[in-house]
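First the structure, in the form of structure tokens, and then the observations on it.
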Amino acid sequence: MVDLQNDFMPGGALPVPDGDAVVPVANRLSPLFSLVVATQDWHPPGHASFASSHPGTSVGDVIALGGTQQVLWPDHCVQQTPGASFHSGLDVVPIGHVVRKGTDPNVDSYSAFFDNDRVSSTGLDAFLRSHGVSELVVLGLATDYCVKATVLDALSLGFGVSVVRDGCRAVDAAPGDGERAFQAMADAGARIIDSAAAAAL
């Protein structure tokens, strides 16, 4: 479950349109799986991905950061703030492991597996392998950023991946970004399924 946090919900600092609609999908599916992992964006104050950290820039600008292209975002999911908490409607009981990402103040982390510069690992790969996991079912926010990055990294690491289409929502900064993300994930080998199919796995 990718980034089901208050700041990505309607009314949050970086709202994903209709983002709260994925919470009931997550709640229906999570009790059906033996291991549930949830990610949290967990930024220190003044994170380098925040437009507020770069005077003269605006939200949506793209800069070079740590050797990668970085979209500048509003301040969001700052550690220990309500915006970084899981959505209050999310059933957290099934969650067996939480991955906090974006903790390095100088590099962002969309993926649940690596920072964006791919230098630092979150440890999720080793955690999953230690539990004998080879197949992942992924949902969350946002389709075109953290979900896509997580899925592509998981595939590159050799995991089988199914993406729950109705359990994802996109930023769609450019119209169609979400659909292009689904296509990119499918082209890389992910299975795009709906929640009914996920429940039957």
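The values are calculated or read from the model by the stated rules, or taken from the named source; none is laboratory data. Given the structure is predicted, the values throughout are model-derived calculations rather than measurements. Positions of Cβ are backbone-derived with ideal geometry, glycine not excepted, and every protein chain shown enters the neighbour counts. Ligands, DNA and RNA are stripped out before the accessible areas are found, and what is left, the full protein with its side chains, is counted by its heavy atoms. Shrake-Rupley method; radii C 1.70, N 1.55, O 1.52, S 1.80 Å.
Among the residues of region 44-95, the ones that are of a type in the set (Ser, Thr, Tyr) and modelled with pLDDT under 95 come to 1 in all. Kindly indicate whether any position in region 136-155 is open to solvent by 60 Å² or more (accessible area, probe 1.4 Å) and part of a loop (DSSP other than H, G, I, E, B). No, because not a single residue in region 136-155 is open to solvent by 60 Å² or more (accessible area, probe 1.4 Å) and part of a loop (DSSP other than H, G, I, E, B).
Yes or no: Asp172 open to solvent by 60 Å² or more (accessible area, probe 1.4 Å), of a type outside the set (Ser, Thr, Tyr) and within 17 Å of the chain's Cα centre (by Cα)? In short, yes. Can you find a residue that is part of a helix (DSSP H, G or I) and either touching a helix residue (DSSP H, G or I) at 6+ places or on another chain (Cβ under 7 Å) or under 18 Å from Tyr110 (Cβ atoms) (or both) anywhere in region 164-174? The answer is no; no qualifying residue exists. If we scan region 96-104, do we find a residue that is at pLDDT 95 or above, among the aliphatic types (A, V, I, L, M) and within 13 Å of Asp3 (Cβ to Cβ)? Yes - at least one qualifying residue is present in region 96-104. Can you tell me which of Leu157, Leu136, Leu128, Leu201 is modelled with pLDDT under 95 and farther than 25 Å from Val62 by Cβ? The conditions single out Leu201. Within region 88-108, the set of residues being surrounded by 19 or more Cβ atoms within 10 Å (Cβ to Cβ), in contact (Cβ under 8 Å) with a residue 60 or more places away in the chain and in a loop (DSSP other than H, G, I, E, B) comprises Leu90, Gly102, Asp108. When each of Arg180, Arg118 is tested for being basic (Lys, Arg), open to solvent by 40 Å² or more (accessible area, probe 1.4 Å), touching a helix residue (DSSP H, G or I) at 6+ places or on another chain (Cβ under 8 Å) and not in a strand (DSSP E or B), the lone residue that passes is Arg180. Here the condition is being out of contact with any strand residue (DSSP E or B) (no Cβ under 7 Å at 6 or more places or on another chain) and farther than 17 Å from Val99 by Cα; of Leu65, Leu72, Leu14, it holds for Leu65 alone. For region 10-56, a tally of residues being of a type in the set (Ser, Thr, Tyr), open to solvent by 10 Å² or more (accessible area, probe 1.4 Å) and not in a helix (DSSP H, G or I) returns 1. Taking Asp7, is it of a type in the set (D, E, K, R), open to solvent by less than 50 Å² (accessible area, probe 1.4 Å) and either over 23 Å from Ala196 (Cα atoms) or in a helix (DSSP H, G or I) (or both)? Yes.
Beta carbons closer than 8 Å, at least 6 apart along the sequence or on distinct chains, pair a first residue in region 32-55 that is under 17 Å from Ala84 (Cα atoms) with a second that is among the basic types (Lys, Arg) and open to solvent by less than 50 Å² (accessible area, probe 1.4 Å) for Thr39/Lys101; Gln40/Lys101; Asp41/Lys101; Trp42/Lys101.
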